Amino acid sequence: MSARETVTTPAGDARITWYRAAEPLRVLALGHGAGGGIEARDLQALAGELPPHGTSVALVEQPWRVAGKKVAPAPKALDTVWTALWPTLRTRAEGLPLVAGGRSAGARVACRTAAGLGAAAALALSFPLHPPGRPEKSRAEELTGAGVPVLVVQGERDPFGRPDEFPAGVRPVPVPAGDHGFAVPKKASVSQQEALGGITAAVNEWLARGMPGEV
């Protein structure tokens, strides 16, 4: 079961949807991307699969999504909101390790702010390493400079950066045939369910091992 709460931020009301573990060992806060919300298949899969393994999941909706807007604000504004609602997440964690994470733009926010907020680690789902077709516009420094252990999970067909495009020292977990949304073609060697199962298994293992540095 899930529960929602509203958090006031400088940019308006944000919303947190909680999926709590019966006996929590840690909390994973996940932000969404610039092109969608917490209904993303990977976020929903993690929210459904991790709580039985001791991880409470908090899916965070930025104010622009709560307000029904279609265009995300600038990265700095996203960081400001995430920073403003972090104390609420910290309070709800009740002293447990609190991991920052997100998909796409949300992954960038988590990596940029993790060290400053005292996050235990960061989870980057579909990290937008560069704009499609513009590998020279690399954002790798947001990963390598995160200052906390980081796990990257990346689709093999992601136009924002395939797993083999990441710099030395960054070892993404590849999602076979997955695109930026981790969707896989019907003719792929794995099914959509299998792809999502691989994501949740990799994240759960990483959390259970104490979130070692993968970057």
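The values are calculated or read from the model by the stated rules, or taken from the named source; none is laboratory data. As the structure is a computational prediction, the values presented were derived from the model and not from experiment. Cβ atoms come from the backbone with ideal geometry, glycine included; neighbour counts cover every protein chain shown. When the accessible area is computed, the model is the full protein with side chains, heavy atoms only, and any ligands, DNA or RNA have been set aside. Shrake-Rupley method; radii C 1.70, N 1.55, O 1.52, S 1.80 Å.
Annotations
- Taken over segment 157-215, the criterion of being on the phi > 0 side of the Ramachandran plot and either among the β-branched types (Val, Ile, Thr) or open to solvent by less than 30 Å² (accessible area, probe 1.4 Å) (or both) is satisfied by Gly161, Ala177, Phe182, Met211.
- Within segment 107-163, the set of residues being over 19 Å from Ala202 (Cβ atoms), in a loop (DSSP other than H, G, I, E, B) and hydroxyl-bearing (Ser, Thr, Tyr) comprises Ser138 only.
- Residues of segment 84-93 satisfying the condition of being in contact (Cβ under 8 Å) with a residue 12 or more places away in the chain and either of a type in the set (S, T, N, Q) or more than 15 Å from Thr113 (Cα to Cα) (or both): Thr88, Arg92, Ala93
- Criterion: in contact with a Cys (Cβ under 7 Å, 6 or more places away or on another chain), open to solvent by 10 Å² or more (accessible area, probe 1.4 Å) and at pLDDT 95 or above - qualifying residue of Glu142, Glu94: Glu142
- Residue within segment 132-139 that is open to solvent by 10 Å² or more (accessible area, probe 1.4 Å) and under 21 Å from Leu46 (Cα atoms) present: no
- For segment 11-43, the set of residues classified as open to solvent by 70 Å² or more (accessible area, probe 1.4 Å) and at pLDDT 95 or above consists of Asp13, Arg20, Ala22, Glu23, Leu25, Glu39, Arg41, listed by residue number.
- Of residues in segment 59-77 being β-branched (Val, Ile, Thr) and out of contact with any Lys or Arg (no Cβ under 6 Å at 6 or more places or on another chain), the one nearest to Gly35 (Cα to Cα): Val71
This table checks each residue for (1) farther than 16 Å from Leu123 by Cα; (2) under 16 Å from the mean Cα position of the chain (by Cα); (3) acidic (Asp, Glu); (4) assigned to a strand (DSSP E or B).
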{"residue": "Thr8", "(1), (2), (3), (4)": "yes, no, no, yes"}
{"residue": "Thr17", "(1), (2), (3), (4)": "yes, yes, no, yes"}
{"residue": "Ala22", "(1), (2), (3), (4)": "yes, no, no, no"}
{"residue": "Gly35", "(1), (2), (3), (4)": "yes, yes, no, no"}
{"residue": "Thr91", "(1), (2), (3), (4)": "yes, no, no, no"}
